[in-house]
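A short write-up of the structure that comes next.
The values are calculated or read from the model by the stated rules, or taken from the named source; none is laboratory data. Owing to the predicted nature of the structure, the values given are computational and were not obtained by experimental measurement. Neighbour counts are summed over all protein chains in view; Cβ atoms, including those assigned to glycine, are modelled from backbone coordinates with ideal geometry.
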Amino acid sequence: MSKETRRDIALIGTFFLVSATGVASVFLGPRLLAWIVIAISDLYLFIVLLLAALRSDEDGFVDRHSWITRFFPRKTAGILVVTLLFLSVVSGFAGLYVGTEVFPSIKTPLDALYISFFTLGFTDYSPKPGYGQLVVVGQLVSGVLLLAALFPLHISRISTFKNS
């Protein structure tokens, strides 16, 4: 097994656990797990965006700092990483939406997943003032980070085909 394959498997395994934790937070209810999932996902997205900017500024940057490549999956593995990150963000916020802390009425896990998915798409829902509004604004920031960073970076990696 090559070094790149092991790195891809480690990245996929990490985000599989993160997304599974996010889904568990929806059905089991611990809000701390949801916040941890959101923090890990957003931190990874921010780091990838920062490192991509550094890589694009200077040609020899990766040669001097080879550890950076650990954050970027190869093209095929990237599809799974993108899917798992999307699931992590949606389920993490859905874990915060279950119950009555964020919205005026009680939300079931299915309601919370539905609202979390569409809030990521910038649909208007009415959260409770204070904490509820903070959670929804946090999801909008995470959604912008996800849409502005991860998807374009992955698409650009796919579109740079090697010449045969």
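A few comments on the model shown:
- Screening the stretch 35-75 for residues that are loosely packed, with under 14 Cβ neighbours inside 10 Å and at pLDDT 90 or above and picking the one that is nearest to E101 (Cα to Cα) gives A39.
- Residue match in the stretch 98-108 (condition: under 18 Å from the mean Cα position of the chain (by Cα), crowded, with 24+ Cβ neighbours inside 10 Å and within 23 Å of L32 (Cβ to Cβ)): no
- Residue in the stretch 65-85 that is touching a Ser or Thr at 6+ places or on another chain (Cβ under 6 Å) and part of a helix (DSSP H, G or I) present: yes
- Search result, residues across the stretch 125-142 that are among the hydroxyl-bearing types (S, T, Y) and touching a residue at least 40 places away in the same chain (Cβ under 8 Å): S142
Residue by residue, here is whether (1) crowded, with 17+ Cβ neighbours inside 10 Å; (2) under 14 Å from the mean Cα position of the chain (by Cα) holds:
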position	(1), (2)
M1	no, no
L11	yes, yes
A20	no, yes
L33	yes, no
A77	yes, no
L87	yes, yes
A94	yes, yes
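- Residue within the stretch 31-54 that is free of Cβ contacts under 8 Å to residues at least 40 places away in the same chain, among the charged types (D, E, K, R) and under 15 Å from V135 (Cβ atoms) present: no
- Check on T69, more than 14 Å from the chain's Cα centre (by Cα) and of a type in the set (S, T, Y): yes
- Under the condition of being at pLDDT 80 or above and among the small types (G, A, S), the residues counted in the stretch 117-137 number 2.
- Neighbours by Cβ (under 7 Å, 6+ apart or cross-chain): first from the stretch 90-111, farther than 19 Å from G138 by Cβ; second surrounded by fewer than 20 Cβ atoms within 10 Å (Cβ to Cβ) and modelled with pLDDT of 80 or more: P109/F27
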